[in-house]
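Take a look at the structure below.
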Amino acid sequence: IYDERVVMLDHLGEHAGFTGYMQDMTQRSRVRTILKEQETQAAVGRLAAGIVHEIVNPISGVQQYLDAMLKRFDQGETIPPSELRRGASVMRDALQRTSDLIGNLRSFTRSAIRPVENIDPLALIDDLRSLMRHNLHRHGIEFEVVGEAGSAAVKGDAGRLAQVFLNLIANAREAMPDGGRLSVDVRADNSTVQVRFTDTGVGIAKADLERIFEFLYTTKGDQGTGYGLSISRDIVAEHGGRIAVESEPGRGSTFTVILPRSAA
């Protein structure tokens, strides 16, 4: 990269060249690639943690109920048909939730391996909400999604956009250590789709707000890596979009992912 070039003229006043300096960005580019891979792995880790809790809870409930029923049978107790029917209904609902979760996961992983496709951002957010519901609930966070499914699409890589959305959800969770509310609003106009993440967290100081997308800049001290938002911005830029942010200390933050609307 050349910078501060100074034009050199010969004795006739004609252009003879220039002086400047060149910086080799190869190493920095390699580091960004490695960190982007690490951020992807971190996103998968957050996803896996949510999946484990969501699957274990209903299965554990069914197992405990069946253990209790078997113990009563072994003791010679006669269980009324109405109670058995009620228990069967509860178990069916629990297993249906697990089946729905696995269906969402399959949809997510199938979309993640197709690099270019039409994506419904609201459907993608709904899948992620199902996968992260328990994790957010455990932190006292209410998660609301607003929008009309199928009303707009964007073209790109669903897996990488999910990485962006997961990062913004995780950041919102960390900004609300005492619980709160995260609202995701999906809107569209003639040319763009806007996915707005609004939390009721601690907010971001003005001095930090100007730098949060800088590579390796973090407001979390030793707990932060400084590349989550930077990489998210790069992914959105690769899709022809941008990320905007509004925040006020003590009053929460709003991150808006703006993407080109697909012609389809």
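Given the criteria open to solvent by 10 Å² or more (accessible area, probe 1.4 Å) and within 23 Å of Leu209 (Cβ to Cβ), does Ser183 qualify?
Working: open to solvent by 10 Å² or more (accessible area, probe 1.4 Å): yes; within 23 Å of Leu209 (Cβ to Cβ): yes.
So Ser183 fits the description; yes.
Does any residue of the stretch 190-202 turn out to be within 18 Å of Thr256 (Cα to Cα) and surrounded by fewer than 16 Cβ atoms within 10 Å (Cβ to Cβ)?
Filtering the stretch 190-202 for residues within 18 Å of Thr256 (Cα to Cα) gives 190-202.
This time we only want the ones that are surrounded by fewer than 16 Cβ atoms within 10 Å (Cβ to Cβ), so: 190-191.
Within the stretch 190-202, one or more residues are within 18 Å of Thr256 (Cα to Cα) and surrounded by fewer than 16 Cβ atoms within 10 Å (Cβ to Cβ).
Could you check the stretch 128-157 and list, in sequence order, the residues that are acidic (Asp, Glu) and buried (at least 16 other Cβ atoms within 10 Å of the Cβ)?
Of the residues in the stretch 128-157, the ones acidic (Asp, Glu) are 142, 144, 148, 157.
Across the stretch 128-157, the qualifying residue is only Asp157.
Go through the residues of the stretch 150-158 one by one and say whether even a single one is in a helix (DSSP H, G or I) and in contact with a helix residue (DSSP H, G or I) (Cβ under 8 Å, 6 or more places away or on another chain).
Narrowing the stretch 150-158 to residues in a helix (DSSP H, G or I): 158.
Next, only the ones that are in contact with a helix residue (DSSP H, G or I) (Cβ under 8 Å, 6 or more places away or on another chain) stay: 158.
The answer is yes, given that some residue of the stretch 150-158 is in a helix (DSSP H, G or I) and in contact with a helix residue (DSSP H, G or I) (Cβ under 8 Å, 6 or more places away or on another chain).
Do you know which of the residues in the stretch 225-257 that are outside any loop (DSSP other than H, G, I, E, B) and in contact with a Ser or Thr (Cβ under 6 Å, 6 or more places away or on another chain) is surrounded by the most Cβ atoms within 10 Å (Cβ to Cβ)? Walk me through it before giving the result.
Initial filter on the stretch 225-257 (outside any loop (DSSP other than H, G, I, E, B)): 228-238, 242-247, 253-257.
Still in the running and in contact with a Ser or Thr (Cβ under 6 Å, 6 or more places away or on another chain): 244, 246-247, 253-254.
On the way: Ala244: 11, Glu246: 14, Ser247: 21, Ser253: 23, Thr254: 16.
Out of the qualifying residues, it is Ser253.
Which residues, counting only those in the stretch 172-209, are outside any strand (DSSP E or B) and within 17 Å of Glu144 (Cβ to Cβ)?
Applying the first criterion (outside any strand (DSSP E or B)) to the stretch 172-209 yields 172-179, 189-191, 200-209.
Selection gives Ala172, Arg173, Ala175, Met176, Gly179, Thr200, Gly201.
Determine whether Leu168 is under 23 Å from His139 (Cα atoms), assigned to a helix (DSSP H, G or I), of a type outside the set (Lys, Arg) and modelled with pLDDT under 85. Outline the logic, then answer.
Numbers: under 23 Å from His139 (Cα atoms): yes; assigned to a helix (DSSP H, G or I): yes; of a type outside the set (Lys, Arg): yes; modelled with pLDDT under 85: no.
Spelling it out, it is not the case that Leu168 is under 23 Å from His139 (Cα atoms), assigned to a helix (DSSP H, G or I), of a type outside the set (Lys, Arg) and modelled with pLDDT under 85.
The values are calculated or read from the model by the stated rules, or taken from the named source; none is laboratory data. Source: prediction; values computed, not measured. Quick reminder, even Gly has a Cβ in these numbers, built from the backbone with ideal geometry, and neighbours come from all protein chains shown. Remember, those area values only see protein heavy atoms, side chains included, never the ligands or the DNA or RNA. Shrake-Rupley method; radii C 1.70, N 1.55, O 1.52, S 1.80 Å.
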